[in-house]
Amino acid sequence: MDKLKRYTFCFLLFLLFSGHTVANERGLLEKIISSASIKHIRMSPDGQHAAFTTSHEDEDYIAVFSLSNFETSIVHNLPKGQRIQYARLAWIDNKHLYLQYAKSDSYKAKHKKYLYEISDDLSIKEHGLHVPGYLVDPLARQSGQLIYAHYQYERLKYRLKLFRATPQDLIRNNFSQAYEYQAELKDVLRYSTDEQHNLRFAQSNDRKSVEHQFWFLDEDEHWQKLYKTDVTRNTFKPIAIIDANTALVLSNVVSDKVALWRFDIAAQRFVESLYQHPEYDLVGVSLTKTDQQLRSVSYYQDGLLKVDYFDESVKQRLQLVTQLLNDGSSYIVSADQNEDNMVLFHSDSNFSGAFYLLPDNSDLPQLLAHRYAQHGALNFNKSELREFKNADGQTTESYYLPAKTGVLEQSVLLVVPHGGPIGVRDSRSFNAQLQYLSQLGFASLQVNFRGSIGYGKRFMDAGRGQFGEMIEQDVMAALHNLLKTESFDKICSLGSSYGGYSASMLAILHPDVFDCVVARFGVYDLHLLYSDVNYKQGELYQKRVHQVVGDPNIQKSPVYLADKLNVPVLLTAGAKDKIARPEHTWRFQQMLTQHKKQVEMKIFDKAGHGHQKKEGLRAELALITDFLMRQLTLNKVH
């Protein structure tokens with residue numbers, strides 16, 4: 001590739017994201033529902049350079065900048081209209097950058113891989129890779145080495161083989177000189193390394209069982225069985241092998257909360273809980289690279305991601321930073337191999353986030369870039385934690401986002417149940433959709449009802465089979481708790497996926513509370529859900545659906561309760577949705593029409609279970625706000 005145009009890092013962002021103004025409601029929509037200015041930042045092992053992904057006006061870019069003078073080179077950009085939907089950006093060493101991404105100019109994603117040779121002066125040489133497989137670990141501490149899972153065609157089928165290879169092996173698509181790990185497993189879902197970048201773990205599933213087998217690679221490079229469990233019920237994530245018979249794992253198999261456990265491999269026994277939060281599931285842990293001591297744990301507290309660091313040097317450096325940045329969530333997203341230079345990400349419920357550089361010669365953070373530069377001129381409201389007691393006396397979390405004042409003459413609340421419903425949760429992290437509605441004068445209430453993840457296995461399992469029952473009771477308990485301190489002229493339910501089902505059931509079960517329903521990409525006929533599974537997936541997946549849904553009683557299906565909905569309803573769906581087929585929406589709309597109910601429907605041709613592109617989401621949000629304004633007869637403040 002020819003040497004590309006150079007910028008300074010800040011000037012590049014200025015060129016990409018300057019010139020935006022909020023002239024009207026449409027301008028506000030485009031500004032809030034936008035592509036991230038910076039999606040990922042990855043620091044090189046020596047801390048001299050950083051790579052990042054960025055987007056502007058339907059074009060996605062990959063760029064590298066110098067951390068000493070912020071000189072920047074764009075190393076890759078996609079043709080207009082093609083978007084990066086997934087990206088793996090990793091430094092192999094200080095001179096080689098690996099990029100793997102799924103691009104999409106239609107509903108079907110296409111995977112691409114590149115390797116870039118980067119010189120000290122940021123000259124770039126691009127190599128398109130044609131190597132079936134994926135990068136397991138860049139082995140950044142071993143210059144010029146990587147672990148690659150490579151699909152090779154042998155004996156009329158593809159076999160997944162593991163190699164410790166060089167960048168040149170990838171470029172040539174020739175692994176004859178690479179080191180091949182001899183041990184081979186069948187039906188592998190993923191391979192992974194430990195904190196010291198040693199190939200160590202694998203996870204497999206024969207697709208005939210809900211149970212997954214976890215493996216570890218011993219010192220003789222033989223795969224040994226670690227543990228087998230139903231991953232739809234239990235968490236089990238291997239972290240490290242301490243000795244031939246001891247592993248550290250993140251699990252809730254024998255505990256209510258996901259915790260860090262010492263695991264006896266031979267006895268298949270969870271021996272000791274090394275770290276367990278009294279209230280919340282752990283979502284991640286990390287160990288020190290030298291002696292495998294606990295470095296950090298992460299969990300959601302009061303709806304925000306919290307990372308506790310135990311390494312004293314890191315802890316001391318971050319203490320001043322967190323004081324300067326005040327409230328919110330702050331954590332390291334990238335660092336050089338010695339953690340002398342680090343990139344920190346900070347965000348809050350009213351702040352979409354920014355990346356900061358923590359150089360080794362200063363305790364003060366240097367702002368690199370806001371994640372969404374377009375949000376800079378807007379003042380967003382802060383989401384409030386509202387705890388309440390559900391019917392079982394459990395303290396449960398909900399999050400209230402107030403409306404911007406002085407916009408509407410009436411006060412309107414949107415009750416927003418989340419999808420899932422099992423193993424999913426809401427948080428107080430910045431939510432662009434709800435912040436947009438807040439700017440237009442609509443308050444919102446999110447609820448982590450029973451079934452939500454993050455509060456222990458008992459709380460999550462309590463939501464199984466509770467479609468239209470205890471889940472909706474939890475949502476109503478959160479609403480009644482909010483109404484003790486707030487009052488509203490109008491209340492509507494709004495949700496997507498399971499949230500679309502719940503939004504409909506809430507208005508059916510409580511007709512005196514709700515004034516309208518917005519149900520998006522929802523499941524409304526539970527019998528159809530089961531017949532879909534029988535047709536497409538078979539007995540195993542039918543069992544999994546039954547674990548979540550329970551008995552598909554018609555008294556739990558909005559389609560068969562359409563006569564009880566006495567408020568205006570807006571239904572939206574995706575024509576390419578394979579999770580909640582649009583047939584659910586068609587049936588619900590037809591039954592509502594048959595019962596002479598007020599219903600509007602929009603099927604988005606290019607959408608699946610949600611929108612692939614921001615333009616589709618913008619169109620749907622415009623449709624929703626128009627529906628709310630008309631059906632609730634709302635007036636703007638002049």
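The values are calculated or read from the model by the stated rules, or taken from the named source; none is laboratory data. Quantities reported herein were computed from a predicted structural model and do not represent experimental measurements. Keep in mind that these areas ignore ligands, DNA and RNA; they rest on the heavy atoms of the full protein, side chains included. Shrake-Rupley method; radii C 1.70, N 1.55, O 1.52, S 1.80 Å.
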Notebook entry, point to check: Accessible area per residue, 1.4 Å probe, Å², for the chain: what's the number?
Noted result: 44 Å²
Checklist line | Protein accessible area in the stretch 364-409, 1.4 Å probe - carbon and sulfur % | finding: 44 percent
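Suppose the chain between VAL307 and ASN566 were pulled fully straight at 0.36 nm per residue; how much longer would it get relative to their current alpha carbon spacing? Write down the numbers at each step before the final one.
Values: separation 259, 0.36 × 259 = 93.24 nm, distance 4.63 nm.
Gain in length upon complete extension: 88.6 nm.
What percent does the relative contact order of the stretch 430-536 come to when contacts are Cα pairs within less than 8 Å and at least six residues apart? Intermediate results must be reported in sequence, preceding the final value.
Numbers: 107 pairs, mean separation 18.8, N = 107.
Reported as a whole number, the value is 18 percent.
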Next item on the list: Whenever you get a sec, compute what percent of the accessible area on the stretch 129-206 sits on carbon and sulfur atoms (1.4 Å probe).
Entry: 43 percent
Check: Which entry in [x] 263; [y] 166; [z] 353 matches volume of the Cα convex hull per residue in Å³ derived from the coordinates of this structure?
Finding: [y]
Note to self: To make sure I understand the rule: partners must be lysines, Cα under 17 Å from the Cα of LYS543, and not fewer than 8 residues away in the same chain. Which ones qualify?
What the structure shows: LYS208
Next item on the list: Just check the stretch 204-276 against the gyration tensor rule for me: Cα atoms, a ≥ b ≥ c as the square roots of the eigenvalues, rounded for a/c under 1.5, and otherwise prolate or oblate depending on whether a/b exceeds b/c.
Entry: oblate
Notebook entry, point to check: Going down the table (LYS39/LYS257; LYS578/LYS606; LYS382/LYS490; LYS31/LYS613; LYS457/LYS576), which pairs top 24 Å between alpha carbons?
Noted result: LYS39/LYS257; LYS457/LYS576
Notebook entry, point to check: With the contact rule set at Cα under 8 Å and sequence spacing of 6 or more, what percent relative contact order holds for the stretch 189-327?
Noted result: 12 percent
Next item on the list: Please turn the phi angles of the stretch 312-327 into ³J(HN,Hα) values with the Karplus equation 6.51 cos²θ - 1.76 cosθ + 1.60 (θ = phi - 60°), one per residue in order, whole Hz, x for glycine and proline.
Entry: 4, 5, 5, 4, 5, 5, 7, 4, 5, 4, 5, 5, 5, 8, 6, 6
Item checked: Using alpha-carbon coordinates, inclination of helix 539-549 to the longest axis of the chain, degrees -> 60 degrees
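Can you pull the percent of the stretch 444-597's accessible area that's carbon plus sulfur, 1.4 Å probe, other chains left in place?
Values: 2980 of 5980 Å².
Percent of accessible area from carbon and sulfur atoms in the stretch 444-597: 50.
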Item checked: Stretchable slack from GLN182 to GLU59, in nm (0.36 nm times residue separation minus alpha-carbon distance) -> 40.0 nm
Checklist line | C-alpha long axis of helix 614-631 to longest principal axis of the chain, angle in ° | finding: 20 degrees
